[in-house]
Amino acid sequence: MAVSWVTVLALAATALGASIALRTLAVPGRAPPTEFQLKSSRIIRTLKRVSDKDTLEKSSCGRVWVTVHSPELRLSTTRRLQDAIELNWDFNGCSNVPKQIGLFDARPEDFSQALRTYPLDSVSGFLITNVSLGDAALPGGWESGGGYKGGHCLWPRVAAGGDRVDTYNCLKIQPTWMEDNMNKIAELRIGELALPGTHNAGSWKFNTAFNTASRDNIVLCQDRSVWAQLVHGIRYLDFRIAYYGAGHEDERYWLNHNMVRVRPLVPLLREIRVFLDATKEVVFLDAHHFPIGFYEPDGSPIRKVHAGLLEIVQRELGPHLADASEFHTGFGTRGPKLQTLVEANKRLLFSYVDNAIVGENNWLWPILPHLWANTNNPDTLLAYLDRAISSSPLPHARSPLYSAMAQTTFNVWDIFKGSLRVSADAVNRNVTERLGTKWRNQANIVSTDFFLGNDVIDVSIALSVERGGRL
Ligand SMILES: *[C@@H]1O[C@H](CO)[C@@H](O)[C@H](O)[C@H]1NC(C)=O
Ligand SMILES: *[C@@H]1O[C@H](CO)[C@@H](O)[C@H](O)[C@H]1NC(C)=O
């Protein structure tokens, strides 16, 4: 018996070692674990999934990944390109840095098949290609309803190597990442998970026939539907809800960006419902701001308007709601284990910004703190988040969760010169890097704008798995 176990381990460490190593993210300035360090029980635990994961990404040291450039690209004075594909690499700590990187539209096997190749002359970095993502149909049967489990690649793939491809990855969806990794993360409490989130999740496209670039530039924070966000792997949605006193009750609740109404609420709740029905994932929904219609001029809540919202949420998402009075573990704790929620099949946690209303409705989760720098300067934002994340969560926090809001905020002058797409681009790469380094152990929810411009989803999944392995 002993002999056969040794054989299994040896096989795993040689033939499959490459795929296993990539489960541990390379941290700049720190050597990745050696194969020797990985020759542990983890190898056996990961064996089962290696074969399917192998079709998505592979590396023996370092990483490559695909992102989407959020601002419009100017190719010439007359030609513009939207959704340009970016290729990113990080080979810090590797003895060999690849000589080239390429963009592919199928599983990378040979550089002769690449759509574009570029020489690599730095250990880490990114480049913006002049190829657009174009039609980003969701693969694996996930376009509008539940599809096959596991990660699936969209068309863009990236590979790096010398003469031969040795590291590759793709732009992917991770519709079932919690379930896929449940044997490693089940025991984590929700406050111990690393969770990818979207800031202003509902501000992705106006619900009107006309869109104007000038308005879109300063209002829209996302460019994927709530459904697509969840399918890509986002698990925390930050909602800003407004109430307008005309029309059918359902049509009075809207998702806003501050004073601008963007989309009606109910259809978005239905997208979340379809996702919860189709998966075993846990989703965190946060009613974080009520810019219009929920308060009297003196600041007291308008009970009827709040009650109307709660009724709609109960009606649309009721069977999935995890009642805080049942699952909350008390102030200053990290909340229920993921497994507890999944086994009870109560997988939607709805947190509410108004403590008076939470006090009257004990199924609501208490105010979820946002680490919000309120600055338009990327350096100030990152320095603030470095400090705030390292001292979070607060010892007596009401909520087991907290969200780092990793986006800059426009001031009144920026409105005349900027675009939220440009400001997202100025921080998204730093956010990917920070999450793997300075925020690695403490970060809980990290919420971004234009999330395809960063790699927060894949890094969060890897960090959750890493934290689960430390329990
Ligand atoms: C895109 O870049 C390649 C070089 O990488 C160049 O050959 C090609 O002409 C460019 N295409 C456009 C549309 O600018
Ligand atoms: C953000 O990333 C860029 C490289 O993409 C780097 O030059 C810059 O120093 C980073 N900013 C901070 C505050 O870390």
Near K280, which aspartates and glutamates are there with a Cα under 14 Å away, not counting those fewer than 8 places off in the same chain?
E179, D180, E343
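So if I average 1/r over every pair of distinct C-alpha atoms in region 314-471 and take the inverse, what Kirkwood radius in Å does that give? All intermediate terms of the calculation are to be shown ahead of the outcome.
On the way: mean 1/r = 0.0580 Å⁻¹.
So the Kirkwood estimate lands at 17.3 Å.
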Pairs K337/K438; K99/K184; K304/K337; K58/K346; K58/K205: which are spaced more than 31 Å apart, C-alpha to C-alpha?
K99/K184; K304/K337; K58/K346; K58/K205
Principal axis dimensions, region 337-422 - Cα atoms, whole angstrom, descending:
49, 27, 25
Listed with the fewest Cβ neighbours within 10 Å leading, R107, R240 appear as R107, R240
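Got the relative contact order for region 177-469 handy, in percent, Cα pairs under 8 Å and 6 or more residues apart? Write down the numbers at each step before the final one.
On the way: 572 pairs, mean separation 72.3, N = 293.
The value is 25 percent.
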Please order V431, V305, V226 by the number of other Cβ within 10 Å, starting at the fewest.
V305, V226, V431
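Could you give the size of the charge dipole of region 71-151 about its Cα centre, using +1 on the Cβ of each K and R and -1 on the Cβ of each D and E, expressed in debye and rounded to the nearest 20? Please report the intermediate quantities before stating the final value.
On the way: 7 positive and 10 negative charges, 28 e Å.
Approximately 140 debye in magnitude.
Work out the FRET efficiency for K280 and T77 from their Cβ-Cβ distance, taking R0 = 45 Å, and round it to the nearest 0.05.
Details: r = 51 Å, r/R0 = 1.14.
After rounding to 0.05, the efficiency reads 0.30.
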So what are region 177-469's ellipsoid semi-axes, whole angstrom, largest first, if each one is the square root of 5 times an eigenvalue of the alpha-carbon gyration tensor?
26, 25, 18
When the scattering of region 298-359 is computed by the Debye formula from its Cα atoms alone, each counted once and equally, what is log10 I(q)/I(0) at q = 0.18, 0.24, 0.29 Å⁻¹?
-0.75, -1.09, -1.29
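Read-outs throughout are calculated quantities, based only on the coordinates presented, and are distinct from any laboratory measurement. Note that the structure is predicted; figures quoted are calculated from it, not measured. Every residue, glycine as well, gets a Cβ built from its backbone with ideal geometry; the counts of neighbours run over all protein chains shown.
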